[in-house]
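One structure is given here, and the rest of the page talks about it.
The values are calculated or read from the model by the stated rules, or taken from the named source; none is laboratory data. This one's a predicted model, so the numbers in the text were calculated from it and none came from an experiment. Positions of Cβ are generated from backbone atoms using ideal geometry, with glycine treated the same way; all protein chains shown enter the neighbour counts.
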Amino acid sequence: MPAEEILISQARIESRLPELAAEINEALPEGPVHVVMILKGAIVFGVDLARALGRNTTLGFLSASSYGAGMKSKGRVEIDARHLGEVEGRNVLLIDDILDTGHTFSKTIDILRDKRPASLRTCVLMDKPERREVDIHADHVGFAIENHFVVGYGLDCDEAYRTLPDIRIYAPE
């Protein structure tokens, strides 16, 4: 299998979730929060983190893609915001799986800001700063990683490996 090397174990992810939730709860204003997940990669992390927040949460979704088949970005971001939910006047937490070049993250933040939330915080499971092409940073980061193509815990390669319980380096033979 081309995804055997574990980069971040399930145990490390599980221990980081309550720490991230505490950081986010401290930064967000009191009250309900509207959690917006960028699909499909952030769904597993996003649901786990939303539960760890221990707050009244509603869920919204943005579908974003810059990858076609395989491991190389198409170079343009396509976003579908039909399932975003109500954002105006609400405390919003945007969750993504990985902050890489920054194009998708930047565009989704712009979409959310245009909807006039009361507050907006961002969180990513992983950050690959050496790949950044856009000057953008997440408010909360689970793990900083080196420039590996990774799968598992929601992340995929051609829709495979999403259900792995950990993060693995994808290294095709």
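Taking segment 164-173 as the range and being modelled with pLDDT of 95 or more and in a loop (DSSP other than H, G, I, E, B) as the test, the residues that pass are Leu164, Pro165, Asp166. Checking each residue in segment 101-153 for being under 16 Å from Ile38 (Cβ atoms) and among the aromatic types (Phe, Trp, Tyr) picks out Phe105, Tyr153. Criterion applied to Val35, Val44 was being of a type in the set (A, V, I, L, M), surrounded by 14 or more Cβ atoms within 10 Å (Cβ to Cβ), under 19 Å from Ile109 (Cβ atoms) and in contact with a strand residue (DSSP E or B) (Cβ under 9 Å, 6 or more places away or on another chain), and the one residue passing it is Val35.
Counting only residues that are without any contact (Cβ under 8 Å) to a residue 24 or more places away in the chain and either surrounded by 14 or more Cβ atoms within 10 Å (Cβ to Cβ) or more than 16 Å from the chain's Cα centre (by Cα) (or both), segment 138-159 holds 3 of them. For Phe149, the conditions (1) modelled with pLDDT under 95; (2) within 16 Å of Ala42 (Cα to Cα); (3) touching a Gly at 6+ places or on another chain (Cβ under 8 Å) all hold with the exception of (3).
Pick out, from segment 35-105, the strands (runs of 3 or more DSSP E) lying fully within it that include 2 or more residues that are on the phi < 0 side of the Ramachandran plot, modelled with pLDDT of 95 or more and not charged (D, E, K, R).
57-67, 91-99
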